[in-house]
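Inspection log for the structure reproduced underneath, given as structure tokens.
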Amino acid sequence: MSADPVRRRLLGALGASIGLTAAGLPIQLSAAGGRVVIVGGGFGGAAAARALRQLSPGLDVTLIEPSAVFRTCPFSNLYLGGLRDYGSLGHHYGYLQGPHGIRVVRATAVDVDVERRRVHLHDGGRVPYDRLILSPGIDMRWDALEGYDEAAAQRLPHAWKAGAQTRLLHRQLRAMDDGGLFVMVIPDNPYRCPPGPYERAAMVAHYCKRHKPKSKILLLDAKDGFSKQALFEQGWRDVYGDMIEWVGFSADGQVLRVDADERLAETAFGERHRAAVMNVIPPQQAGRIARQARVTDSSGWVPVKPETFESRQVPGIYVIGDAAVAAPMPKSAFCAHAQAGVTAAAVLASLANRPPPSPVWLNTCYSLIAPDYGISISGQYRLRDNAIAEVTGGISPLEAGPGLRQREADHARDWYHVMTTAIWGA
Amino acid sequence: MRVRARGWLCLFLACGLAGWSCAAPADPPVWKAVPEVRDWLNGAEPQFEHLHLDLPLVSEEGMSVPLAIDVTSAMTPDDSIVAIRVFAAGNPQPEVLDLTLDPRLGRAVFETRIRLDESQTVLVLARHSDGRVFAAEQAVRVANSGCLARSEEAFDAPMGEPRVAVPDPFPADRGHGEVRSLILHPMETGFREGPDGEPLPRRIIEDFSVSLDGEIVLAARFHAAMSANPYLAFRLAPEQDGELVLRWLDETGEERSATRTVRVVD
Ligand SMILES: Cc1cc2nc3c(=O)[nH]c(=O)nc-3n(C[C@H](O)[C@H](O)[C@H](O)COP(=O)(O)OP(=O)(O)OC[C@H]3O[C@@H](n4cnc5c(N)ncnc54)[C@H](O)[C@@H]3O)c2cc1C
């Protein structure tokens, strides 16, 4: 298959984020007797568990995660577009628990006793740790957008955590009349997956083009610009004509209030948009357990030491993935995975009383405009002056033929397969 | 930054050679270090109180950083904030925004969007009618992310139609409401190159004013560090129905204005 070299290259790149940092580490770290506990079995947490056992096969690793099946946000837009079924987004923890020797505890962590180094579970259980890794992802800020609370999200889904919300938005889109207006409310930075809303717009358009050709998609954005903007706008136009309209901050795109009963969004300068389906992506913050563990700052996110992602506020707690302030790295699954590798090595080094290896992180964000039309942006990150800096990067060219777009769409599918297999697979 | 690092080193060596024991030299506070700030202070020493400022700790996009300013004040004629200055010492020019306030605003509360060239400290000063100066400052880390890189801002766009949102009606009894304003304008800094590699000529809106029934209640000077399409939200506490006129004047002499009817609850 022609995808094989691509697969191999991707696997190489993924491996690099773990492998590079493993250089120079003692193999038998388990002798240090460390117990590492991880909260969150998503991209960051599950990848950290795998990396730890890979680097130190005997290590005592516990993963705390309430769901039996993890649903990925990556490719959930493809499900909305009708390119994939819901089942394909699910991944279970069987391989982590069995062959990979990770203790998976199906529970929600509700608190962290920092003094005694124990994680409290919802059922009263206590899990002691020597090092703790949190990768809880995001929580919505229910106080940030007037009219948008948990109840409103049942009518105006965010679908920004994959699961019931994604299914709800899928149902609403399928039930929408032809000619119905699909409105998406998009927040200011920082938020999970910077290109995500714009890929979603394309996938909703892909579905509408075939089933609801009279419908329109209106994006109301609190920002004046966004990731891969020129590429997205070109792709939208080429594939969907004028079906997608983007309204940025300066064109009165910032929504200040929503009315769930009326499916209404009101902007800063008083424009009122009534939708047939409204997808509200609200401002976000680190997952609740990060606040419980007192590692968040006033921004609601977690400041970390860049070389290890250990909390700046609480020693012994490492925070990776979307919850951490890793800018200029984006909040992506690819980054969460890269951070997992670096932090796993740093945790092992710390248990062995050695300095952490010097980190390198990679990222590539693929987005699909159509099944055969992919675009991407990549970056490589290192430490500069004790801060994370982007050292190289690349973005799909604006001038490109269908061949390249097709290959990038294939790469996106390969990436998903390789990434989810590396984390949850055999 | 490099200059400062070298200065540090020199000092350090000097200490070592002379055999002194000296602590690491702390950077002087922004209000002492920046000449434009010292000029405006004119000998006054700012008090770091009564002024609250809201800025992101980390900005992933320096071109448009939201800034909110809230100075505690009753805004009565003999107990009010008369002027506010915003400085970004790490920008090529430290001035960002100058505001001249009238008590009829009701509150000294503002929101805007500014440009930060690099990680730095933003300083806001507010002068009270009795001569005291209040201050607040905050460090912002600018981590421009290639992943968020937007299309280049337009550079030859004309000044567009203004947008203004006014509460209708305003609350009674000197209750204040928020007025929001925005105008499409490139706010070309003069530090940017065009597609031909030549520097783009500077062109910014310099003056913005708000008058209520013919009297100015807010006057502003925008500097190049205001974001493109400058946005300013402020409070207004009208006592009776009236007419509000907002006016933007750019340095080419082009002008735009917007007129809104003001209604107050009976
Ligand atoms: C629509 C959409 C599309 C996206 N597409 C892409 C893409 O194509 N590529 C890409 O790289 N990224 C993409 N992302 C971003 C990606 O989903 C996130 O960046 C990634 O999931 C972050 O990983 P994480 O480990 O921080 O959080 P998550 O993956 O969300 O994992 C968090 C886990 O922690 C668990 N948890 C939370 N709190 C607790 C607790 N108290 N106790 C126990 N467990 C807990 C949760 O149940 C969850 O399983 C997309 C996001 C969205 C919304």
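The values are calculated or read from the model by the stated rules, or taken from the named source; none is laboratory data. The shown structure was predicted, so the numbers you read here are calculated from the model rather than taken from an experiment. When we count neighbours, we look across all protein chains shown, and the Cβ atoms used for this are built from the backbone with ideal geometry, even at glycine. Side chains are part of the model used for accessible areas, which takes the heavy atoms of the whole protein and leaves out ligands, DNA and RNA. Shrake-Rupley method; radii C 1.70, N 1.55, O 1.52, S 1.80 Å.
Annotation: A:H211 fulfils all but one of (1) farther than 26 Å from A:R171 by Cα; (2) more than 16 Å from the ligand (Cβ to nearest atom); the unmet one is (1).
Each row is one residue, and each column tells you yes or no for (1) under 23 Å from the mean Cα position of the chain (by Cα); (2) of a type in the set (G, A, S).
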| position | (1), (2) |
| --- | --- |
| A:G125 | no, yes |
| A:I133 | yes, no |
| A:G137 | yes, yes |
| A:A164 | yes, yes |
| A:Q172 | no, no |
| A:A175 | no, yes |
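Looking across region A:303-337 at every residue that is within 12 Å of another protein chain (Cβ to nearest Cβ) and more than 11 Å from the ligand (Cβ to nearest atom), the one that is surrounded by the fewest Cβ atoms within 10 Å (Cβ to Cβ) is identified as A:R312. If you filter region A:338-364 down to residues that are near the ligand (Cβ under 9 Å from one of its atoms) and either open to solvent by less than 10 Å² (accessible area, probe 1.4 Å) or farther than 21 Å from A:T420 by Cα (or both), you find that the one that is farthest from the other protein chains (Cβ to nearest Cβ) is A:A340. You will find that of B:P195, B:P238, B:P169, the residue that is away from chain A (no Cβ under 12 Å) and surrounded by fewer than 14 Cβ atoms within 10 Å (Cβ to Cβ) is B:P195 and no other.
With respect to (1) farther than 15 Å from B:R104 by Cα; (2) of a type in the set (S, T, N, Q); (3) in a strand (DSSP E or B), the lone exception for B:T252 is condition (3). Residues of region B:28-55 that are buried (at least 18 other Cβ atoms within 10 Å of the Cβ) and at pLDDT below 95: B:V30, B:W31, B:V34. Got at least one residue in region A:159-181 being buried (at least 16 other Cβ atoms within 10 Å of the Cβ) and within 27 Å of B:T112 (Cα to Cα)? The answer is no, given that none of the residues of region A:159-181 is buried (at least 16 other Cβ atoms within 10 Å of the Cβ) and within 27 Å of B:T112 (Cα to Cα).
Being more than 14 Å from chain B (Cβ to nearest Cβ) and crowded, with 19+ Cβ neighbours inside 10 Å is the filter; apply it to region A:236-262 and report the residue that is nearest to B:S145 (Cα to Cα). Result: A:I244. Scanning region A:274-302 for residues that are surrounded by fewer than 20 Cβ atoms within 10 Å (Cβ to Cβ) and within 14 Å of chain B (Cβ to nearest Cβ), which turns out farthest from the ligand (Cβ to nearest atom)? Restricting to residues being surrounded by fewer than 20 Cβ atoms within 10 Å (Cβ to Cβ) and within 14 Å of chain B (Cβ to nearest Cβ), the top hit is A:S298. Within region A:211-221, being more than 14 Å from every other protein chain (Cβ to nearest Cβ) and open to solvent by less than 10 Å² (accessible area, probe 1.4 Å) holds for A:S215, A:I217, A:L219, A:L220. In region A:82-94, what residues are surrounded by 17 or more Cβ atoms within 10 Å (Cβ to Cβ) and in a helix (DSSP H, G or I)? A:L89, the sole residue that qualifies. Taking the listed residues B:E206, B:E178, the one that is part of a strand (DSSP E or B), open to solvent by 30 Å² or more (accessible area, probe 1.4 Å) and within 11 Å of chain A (Cβ to nearest Cβ) is B:E178, with no other qualifying.
Selection of first residues in region A:127-141 that are more than 19 Å from A:K305 (Cβ to Cβ) and of second residues that are open to solvent by 40 Å² or more (accessible area, probe 1.4 Å) and within 8 Å of the ligand (Cβ to nearest atom), restricted to Cβ pairs under 8 Å at least 6 apart or on distinct chains, gives the following pairs, ordered by first then second residue: A:G137/A:K161; A:G137/A:R192; A:I138/A:K161; A:I138/A:R192; A:D139/A:R288.
Note on region A:376-426: among residues that are more than 20 Å from A:F226 (Cβ to Cβ), hydroxyl-bearing (S, T, Y) and surrounded by 16 or more Cβ atoms within 10 Å (Cβ to Cβ), the one that is nearest to the ligand (Cβ to nearest atom) is A:Y416. For region A:91-112, filtered to residues that are near the ligand (Cβ under 10 Å from one of its atoms) and aliphatic (A, V, I, L, M), the residue that is farthest from A:A290 (Cα to Cα) is A:V105. Would you check if A:D224 is modelled with pLDDT under 95, open to solvent by 10 Å² or more (accessible area, probe 1.4 Å) and either among the aromatic types (F, W, Y) or away from the ligand (no atom under 16 Å from the Cβ) (or both)? So A:D224 passes the test.
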